[in-house]
Amino acid sequence: MSTINIRKVSRFGTLHVAEARIRNMAKWAGIIFFAAVINPTLYLVSIGIGVGSLIDANKGVDGVSYLTFLAPALLASAAIQGSSDEVIFPTMAGFKWERTFFGMRSTPITARQISLGLFIAAMVRTSVSVVIYWIALYYFGALESSTAWLAMPAALFAGAAMAAVMLALAGKIEKEDFFFTIVGRFIMIPMFLFSGTFYPLSQMPIFLQFFGWLSPLWHATEIGRYLTYDYPVSGPALFMHFFVLSAMIFIGLTASFRIFAARLEK
Amino acid sequence: MSSTAVELSERRLGQFGDKYFAGRPQQVLLRNWISFKSSAWIAVVSGFLEPVLYLLSFGYGVGALVGNISTTTGQVSYAAFIAPGLLASSAMNGALLDSTWNVFFKLNESRLYNAMLATSLGPLDVALGEIAWALMRGGAYATAFTIIMSALGLITTWWGILAIPAAIIVAFGFASFGMAITSYMKSHHQMNFFYIFLLPMFLFSGAFYPLTVFPGWGQAIIKALPLRQGIELVTRAMAGEFSVHLLVNVTYFLVMICVGLFFTTKRLNALFMK
Amino acid sequence: MTKSLIHARGLTKTYGDFVAVDGIDFDVAKGESFGFLGPNGAGKSTTMRIIGATSVRTSGTLTILGKDPEVNGPQIRAHLGVVPQQDNLDVELTVSENIFIYGRYFGLSSSFINKKIPELLEFAQLEEKKDTKVQALSGGMKRRLTIARSLVSEPDILMLDEPTTGLDPQARHILWDRLFRLKEQGVTLLITTHYMDEAEQLCDRLIVMDKGKIMAENSPAQLIKDYSTKEVLEVRFGSDKNHEMVEILRPLAERIEVLPDRILLYAEDGEHLLEQIAAKGIHPNTSLVRRSSLEDVFLRLTGRSLVE
Ligand SMILES: Nc1ncnc2c1ncn2[C@@H]1O[C@H](COP(=O)(O)OP(=O)(O)O)[C@@H](O)[C@H]1O
Ligand SMILES: [Mg+2]
């Protein structure tokens with residue numbers, strides 16, 4: 001059985017890459033699981049209950065408990081964080097630290113398959129985190145409506161949008177010196193803080209709301225709120241949220257194919 | 001004619017701790033300054049941004065939902081309530097980043113400390129130099145943050161300036177403690193465990209809400225943790241509240257500083273003299 | 001009494017139950033270039049660290065320039081230039097910044113160091129790289145920079161732990177040339193190596209170490225004279241036949257060693273021995289006559305090769 005079926009490898013290359021990544025993640029399953037459980041608990045108890053008690057005692061928000069208001073945003077934020085990590089680190093490792101991508105290139109696997117494989121693996125891992133997070137939200141009583149389970153795919157959607165963009169960005173980085181600092185401090189934290197996560201976006205000055213519109217977190221949060229409680233979102237607005245997220249996935253992935261190919265096939 | 005390396009090494013001979021201390025921690029600082037000038041400034045400068053973003057987002061966004069907070073000194077705006085906590089947290093983060101990840105890298109990966117200790121420097125020079133650098137960074141963050149607080153009108157009395165020394169004490173405590181712990185860490189993995197502990201400490205420190213939302217036993221645990229102590233220290237200093245409570249907070253950090261320095265020196269000596 | 005720069009008696013270092021350096025005695029004189037030759041794990045680096053006052057001996061006496069490293073560590077380190085087995089250059093800094101700050105660690109004045117930098121860069125052939133970050137240097141350049149850096153304090157003794165391990169032949173020769181120059185300038189060199197050619201090239205005198213013990217001590221030429229014949233004949237018969245040939249060849253040579261892939265026959269005249277073998281109708285697949293080396297000394301002393 002030593003003959004390699006080249007046709008087969010080239011057809012399923014993406015899945016081979018994804019499988020290899022998932023097997024690698026399985027080594028860290030304990031930690032991933034732990035983080036997936038502990039993270040929501042910490043935020044829900046501290047911000048949800050701590051800050052929530054102040055807000056609920058004051059005038060509340062959207063007529064629901066602060067926990068309910070926060071829940072879909074935290075869910076989407078966890079998806080975004082998880083999926084970004086899961087594409088950035090393997091991309092840096094593959095191109096730079098371990099140079100495994102260059103090893104893969106001497107097999108029939110294509111650059112496009114590598115990038116898509118990483119993306120799929122990241123989404124698998126993110127799905128696990130999102131499900132766990134959602135269960136935690138449920139037990140904290142943060143989910144009100146019968147469509148609340150749909151908040152999971154909405155969060156995943158945001159995770160996919162961010163992962164696609166990050167995949168392209170990480171693929172472009174040749175010197176990682178300050179890449180992580182920049183991503184963390186200039187992208188992730190501002191997004192977390194200014195996407196209508198902790199209060200309605202409309203409360204911010206209009207020039208800051210603009211950043212919210214660019215943020216996958218805000219779009220997913222709007223969809224999530226619509227699904228988890230009586231939050232009114234108009235049809236066209238809903239369409240716009242889906243459209244922006246889809247566009248990010250499409251543009252991100254297309255760009256990443258180009259970038260990976262340029263780096264691996266030159 | 002300048003002195004030779006040998007003459008220089010004999011200057012502190014016979015004085016206390018001459019085996020561990022050459023009296024030149026400033027050279028370790030200089031090394032960090034050279035490295036900072038050429039590239040590391042992006043990381044350092046951007047670190048300052050984080051608490052400012054929190055202050056703006058929470059102070060004004062969440063603040064609009066929360067309204068005013070009643071404290072022992074009366075009603076304050078939500079932004080004014082969280083500012084001291086954010087300052088203490090950022091002093092902690094700045095100090096820890098320098099004294100943990102950076103130290104870990106220099107200890108285990110670039111083996112920079114091996115190089116330093118192959119010269120006539122001693123382990124205490126290295127420990128003091130690194131901690132002083134972390135402090136300068138913490139001090140710079142604290143100063144910048146204090147300026148922003150006052151620009152936003154969150155500082156109403158002159159006592160507000162005490163935020164800076166208070167934050168430096170907090171940074172000193174975390175820097176020496178963080179460095180001591182790092183010197184015992186063997187892998188990235190163990191380092192991550194250390195960081196797992198930081199997020200809950202931050203979220204439950206009461207930086208964002210009064211601790212009274214927790215039951216008594218929960219409050220007791222939180223108050224025993226260094227970040228809470230730091231927040232109280234900064235808050236009290238800024239309010240000009242010179243009570244025995246402030247003394248307790250300061251003492252807490254003095255102990256942290258001494259214990260941290262002692263173990264760092266001891267461990268570095270053991271690591272390099274094995 | 002002793003004029004020696006370094007004086008060791010019964011020097012011992014244990015890690016738990018494991019004896020890394022086992023009671024060794026040696027003296028190093030001023031201006032000498034002294035080597036520690038031995039395979040991996042012989043205890044060379046450990047000995048170097050003890051001399052460098054960055055490791056505490058378990059027992060024995062040791063003085064360096066009359067001082068005890070346990071008492072006067074910083075003062076002894078001020079006399080030494082240390083080139084460790086693994087480079088520990090400051091990767092965040094440039095080439096000249098590395099030299100500069102290293103000098104500052106010794107407390108030397110900036111003006112003194114700045115005067116030395118061009119000289120050291122020239123010595124290390126790194127003038128063009130002076131503003132390059134260390135990360136971007138090749139292995140040989142890093143090694144030369146580490147040596148240049150260690151010279152900034154004008155040390156009396158330069159300690160080099162496996163200076164050329166991992167370098168390509170060209171880089172090794174450049175480095176050897178630099179070390180010769182230092183030797184000519186009268187710097188005392190302490191060199192560890194597991195390459196016999198390096199030991200032969202660089203050392204006036206050396207000790208052969210194995211498992212923490214000294215097996216022999218002398219100049220390279222005298223060691224070869226004492227422990228080997230003038231020449232060696234290396235023959236190969238193919239791995240399965242080597243063993244049966246040994247018994248036939250044994251009476252012909254002064255001494256015989258069997259390695260996994262070849263047989264070494266020791267004799268004063270190798271060519272003559274080869275003729276004798278041929279006269280017996282024995283024809284090895286390949287044969288080679290060479291001069292004896294420290295490798296043969298080591299084989300004789302320990303029954304093992306230096307480089308496994
Ligand atoms: N810090 C240490 N702890 C335990 N064992 C050590 C330590 N350093 C060296 N050794 C052991 O001591 C022996 C000698 O090591 P070393 O001096 O590095 O040899 P060499 O430099 O000749 O290759 C080796 O078996 C090594 O594993
Ligand atoms: Mg060694």
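Below are the figures for this structure:
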{"read-out": "Selection from the range B:42-78 of residues that are touching a residue at least 40 places away in the same chain (Cβ under 8 Å) and of a type in the set (Ser, Thr, Tyr)", "value": "B:THR71, B:THR73, B:SER77"}
{"read-out": "Complete set of residues in the range A:224-241 that are under 21 Å from A:TRP149 (Cβ atoms) and more than 15 Å from the chain's Cα centre (by Cα)", "value": "A:ARG225, A:TYR226, A:LEU227, A:THR228, A:TYR229, A:ASP230, A:TYR231, A:PRO232, A:VAL233, A:LEU238, A:HIS241"}
{"read-out": "Residue check, C:THR47 within 16 Å of ligand 2 (Cβ to nearest atom), farther than 29 Å from C:LEU223 by Cβ and either away from every other protein chain (no Cβ under 14 Å) or not hydrophobic (A, V, I, L, M, F, W, C) (or both)", "value": "no"}
{"read-out": "Residue among B:ALA115, B:ALA79 that is buried (at least 18 other Cβ atoms within 10 Å of the Cβ) and within 18 Å of B:ALA167 (Cβ to Cβ)", "value": "B:ALA79"}
{"read-out": "Subset of the range B:50-66 [at the interface with chain A (Cβ under 7 Å from one of its Cβ atoms) and under 19 Å from the mean Cα position of the chain (by Cα)]", "value": "B:GLU50, B:TYR54"}
{"read-out": "Flag if B:GLY17 is more than 10 Å from chain C (Cβ to nearest Cβ) and part of a helix (DSSP H, G or I)", "value": "no"}
{"read-out": "Lone unmet requirement of (1) over 34 Å from the mean Cα position of the chain (by Cα); (2) surrounded by 16 or more Cβ atoms within 10 Å (Cβ to Cβ); (3) of a type in the set (A, V, I, L, M) for C:LEU299", "value": "(1)"}
{"read-out": "Out of A:PHE239, A:PHE186, sole residue that is within 11 Å of chain B (Cβ to nearest Cβ), free of Cβ contacts under 8 Å to residues at least 12 places away in the same chain, surrounded by fewer than 16 Cβ atoms within 10 Å (Cβ to Cβ) and not acidic (Asp, Glu)", "value": "A:PHE186"}
{"read-out": "Residues located in the range C:1-44, provided they are assigned to a loop (DSSP other than H, G, I, E, B) and away from ligand 2 (no atom under 15 Å from the Cβ)", "value": "C:MET1, C:THR2, C:LYS3, C:SER4, C:LEU5, C:GLY16, C:ASP17, C:ALA29, C:LYS30, C:GLY31, C:GLU32"}
{"read-out": "Test result for A:ALA121, touching a residue at least 60 places away in the same chain (Cβ under 8 Å), buried (at least 17 other Cβ atoms within 10 Å of the Cβ) and over 23 Å from A:PHE179 (Cβ atoms)", "value": "no"}
{"read-out": "Subset of the range C:83-108 that is among the β-branched types (Val, Ile, Thr) and within 7 Å of another protein chain (Cβ to nearest Cβ) - its residue that is nearest to ligand 1 (Cβ to nearest atom)", "value": "C:VAL91"}
{"read-out": "One residue from C:LEU182, C:LEU145, C:LEU151 being in contact with a Phe, Trp or Tyr (Cβ under 8 Å, 6 or more places away or on another chain) and either assigned by TED's automatic domain parsing to the domain that holds C:THR63 or of a type in the set (Ser, Thr, Tyr) (or both)", "value": "C:LEU151"}
{"read-out": "Total residues in the range B:1-14, condition in a helix (DSSP H, G or I) and surrounded by fewer than 18 Cβ atoms within 10 Å (Cβ to Cβ)", "value": "1"}
{"read-out": "Residue in the range C:109-129 that is facing another protein chain (nearest Cβ under 9 Å), in a loop (DSSP other than H, G, I, E, B), more than 16 Å from ligand 1 (Cβ to nearest atom) and modelled with pLDDT under 95 present", "value": "yes"}
{"read-out": "Scope the range C:50-82; condition more than 8 Å from every other protein chain (Cβ to nearest Cβ) and either among the charged types (D, E, K, R) or within 12 Å of ligand 2 (Cβ to nearest atom) (or both); matching residues", "value": "C:ARG57, C:LYS67, C:ASP68, C:GLU70"}
{"read-out": "Lone qualifier among C:SER111, C:SER96 - being of a type in the set (S, T, N, Q) and without any contact (Cβ under 8 Å) to a residue 12 or more places away in the chain", "value": "C:SER111"}
{"read-out": "Checklist (1) of a type in the set (A, V, I, L, M, F, W, C); (2) assigned by TED's automatic domain parsing to the domain that holds C:LYS44; (3) without any contact (Cβ under 8 Å) to a residue 60 or more places away in the chain applied to C:ILE214, failing item", "value": "(3)"}
{"read-out": "So B:LEU121, is it within 21 Å of B:GLN27 (Cα to Cα), assigned to a loop (DSSP other than H, G, I, E, B) and within 14 Å of chain C (Cβ to nearest Cβ)", "value": "yes"}
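A quick yes/no check of all residues on (1) in contact (Cβ under 8 Å) with a residue 12 or more places away in the chain; (2) buried (at least 16 other Cβ atoms within 10 Å of the Cβ); (3) more than 7 Å from ligand 1 (Cβ to nearest atom):
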| site | (1), (2), (3) |
| --- | --- |
| C:THR14 | yes, no, yes |
| C:ALA20 | yes, yes, no |
| C:VAL28 | yes, yes, yes |
| C:GLU32 | yes, yes, yes |
| C:LEU37 | yes, yes, yes |
| C:GLY41 | yes, no, no |
| C:THR46 | yes, yes, no |
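The values are calculated or read from the model by the stated rules, or taken from the named source; none is laboratory data. Everything quoted here is computed from the prediction, not taken from an experiment. Neighbour counts run over all protein chains shown; Cβ positions are idealised from the backbone, glycine included.
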